[in-house]
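Each remark here refers to the structure printed beneath this line.
The values are calculated or read from the model by the stated rules, or taken from the named source; none is laboratory data. Keep in mind that this is a model prediction, so the values were computed, not measured. Because the Cβ atoms are built from the backbone with ideal geometry, glycine has one as well, and the counts that use them run over all protein chains shown.
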Amino acid sequence: MLIEKFIEYLKIERNYSVNTLSAYKKDLMEFQVFINENYDKCVIENVDYKIIRSWIVLLVNKNLSNRSINRKVSSLKSFYKFLVKTDTINSSPLIAHSPLKQSKKIQVPFSKDEIGALLDSDFFKSDYKGVLQKTIISFFYFTGVRRIELINLKTSDINMDSYTIRIMGKRNKERIIPMLPKLKESINEYLKIKSQEFNNEISDYLFISKSGIQLSEKYVYRTVNEYFKLVSPKVKKAPHVLRHSFATHLINEGADINSVKELLGHSSLSATQVYSHTSMERIKEVFKSSHPRAK
């Protein structure tokens, strides 16, 4: 089945996370059901844009947001690009498609005070679980990595001598992130208790659960969410908000946006520029120091 081949391609060649693969498959299967119910003798690889357009209209009528619809169509677009690449079809039916307009979604980062209040607190126990969870949160804030990048990190990716970390990002794109001394201290503390906990019989993965296996995405999300509930009133407390905080705080302190782009592993500058428009406190500071009548 073409959908299964495409999902396998994303898994092996693109190194997509389990959640992302599940979302792609769900979108494509929904479209497959739509075709089966409305167009006799039509197969997914031979649809034209009119059929896709009808599906989009159906989604609009179901009151889905433009953002959700664009994401579903993006799944289709990637699927048809794959079919072109594998010579299954000659051209994509979505080649001239324009996404629906959507409002920009601005996520509010954790403040430096909130992050400091957590990392400098005594909320974390001194046992293996407590040290693991504190190191996970520290690692996110000190590196800006994605959740799946943290989960897949190997101990061999950490170079203590050169103070660098090797990250394998999206589409197997590798990047090197500098390691600050405070993060090195945290990792060393974690490695020490990890060695004691598992009697040196340790997995290749840097971060492992109490049972000695690779962390799940759900566990990492829950760790960040539950601890930040203790220090932040923000609605969203996901690992991505820590990545957002990392980038925003760097830019607010004067970091070059191109350097931040490389640290985050973004393929285009436009993906990084969103972080330069999110800090109202920084805008207020600039406004007060720059406006002639504010002095």
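The table below gives the values:
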{"quantity": "Residue list for segment 30-40, filter: exposed (fewer than 12 other Cβ atoms within 10 Å of the Cβ) and among the hydrophobic types (A, V, I, L, M, F, W, C)", "calculated": "Val33"}
{"quantity": "Some residue of segment 138-155 being more than 22 Å from Ile208 (Cβ to Cβ), under 26 Å from the mean Cα position of the chain (by Cα), crowded, with 19+ Cβ neighbours inside 10 Å and of a type in the set (A, V, I, L, M)", "calculated": "no"}
{"quantity": "Where a residue in segment 35-57 is among the hydroxyl-bearing types (Ser, Thr, Tyr) and its partner, wherever it lies, is part of a loop (DSSP other than H, G, I, E, B), with Cβ under 6 Å and at least six apart", "calculated": "Tyr49/Pro93"}
{"quantity": "Single match in Tyr24, Tyr16 (criterion: hydroxyl-bearing (Ser, Thr, Tyr) and not in a loop (DSSP other than H, G, I, E, B))", "calculated": "Tyr24"}
{"quantity": "Among the residues listed as Tyr163, Tyr128, the single one being within 24 Å of Ile193 (Cα to Cα) and touching a strand residue (DSSP E or B) at 6+ places or on another chain (Cβ under 7 Å)", "calculated": "Tyr163"}
{"quantity": "Segment 138-153: number of residues that are basic (Lys, Arg) and touching a strand residue (DSSP E or B) at 6+ places or on another chain (Cβ under 6 Å)", "calculated": "0"}
{"quantity": "Any hit, segment 73-86, residues being surrounded by 14 or more Cβ atoms within 10 Å (Cβ to Cβ), basic (Lys, Arg) and closer than 25 Å to Tyr9 by Cβ", "calculated": "yes"}
{"quantity": "Exclusive hit being in contact with a Pro (Cβ under 7 Å, 6 or more places away or on another chain) and either in the same structural domain as Lys218 (by TED's automatic domain parsing) or among the aromatic types (Phe, Trp, Tyr) (or both), set Tyr190, Tyr128, Tyr163", "calculated": "Tyr163"}
{"quantity": "Residues satisfying the stated conditions in segment 245-265, i.e. part of a loop (DSSP other than H, G, I, E, B) and modelled with pLDDT of 90 or more", "calculated": "Gly265"}
{"quantity": "Looking only at segment 220-244, and only at residues there that are outside any helix (DSSP H, G or I) and of a type in the set (D, E, K, R), the one that is farthest from the chain's Cα centre (by Cα)", "calculated": "Lys229"}
{"quantity": "Residues that are out of contact with any helix residue (DSSP H, G or I) (no Cβ under 7 Å at 6 or more places or on another chain) and either modelled with pLDDT of 95 or more or part of a helix (DSSP H, G or I) (or both), drawn from segment 64-77", "calculated": "Asn66, Arg67, Ser68, Asn70, Arg71, Ser74, Lys77"}
{"quantity": "Enumeration of residues in segment 194-241 that are among the small types (Gly, Ala, Ser) and either loosely packed, with under 12 Cβ neighbours inside 10 Å or on the phi < 0 side of the Ramachandran plot (or both)", "calculated": "Ser195, Ser203, Ser209, Ser211, Ser216, Ser232, Ala238"}
{"quantity": "Criterion: in contact (Cβ under 8 Å) with a residue 12 or more places away in the chain and within 17 Å of the chain's Cα centre (by Cα) - qualifying residue of Glu217, Glu197, Glu174, Glu189", "calculated": "Glu217"}
{"quantity": "Given (1) without any contact (Cβ under 8 Å) to a residue 12 or more places away in the chain; (2) polar (S, T, N, Q); (3) within 23 Å of Glu149 (Cα to Cα), index of the condition Asn63 fails", "calculated": "(3)"}
{"quantity": "Output for segment 181-208, where each listed residue is modelled with pLDDT of 95 or more and assigned to a loop (DSSP other than H, G, I, E, B)", "calculated": "Leu206, Phe207"}
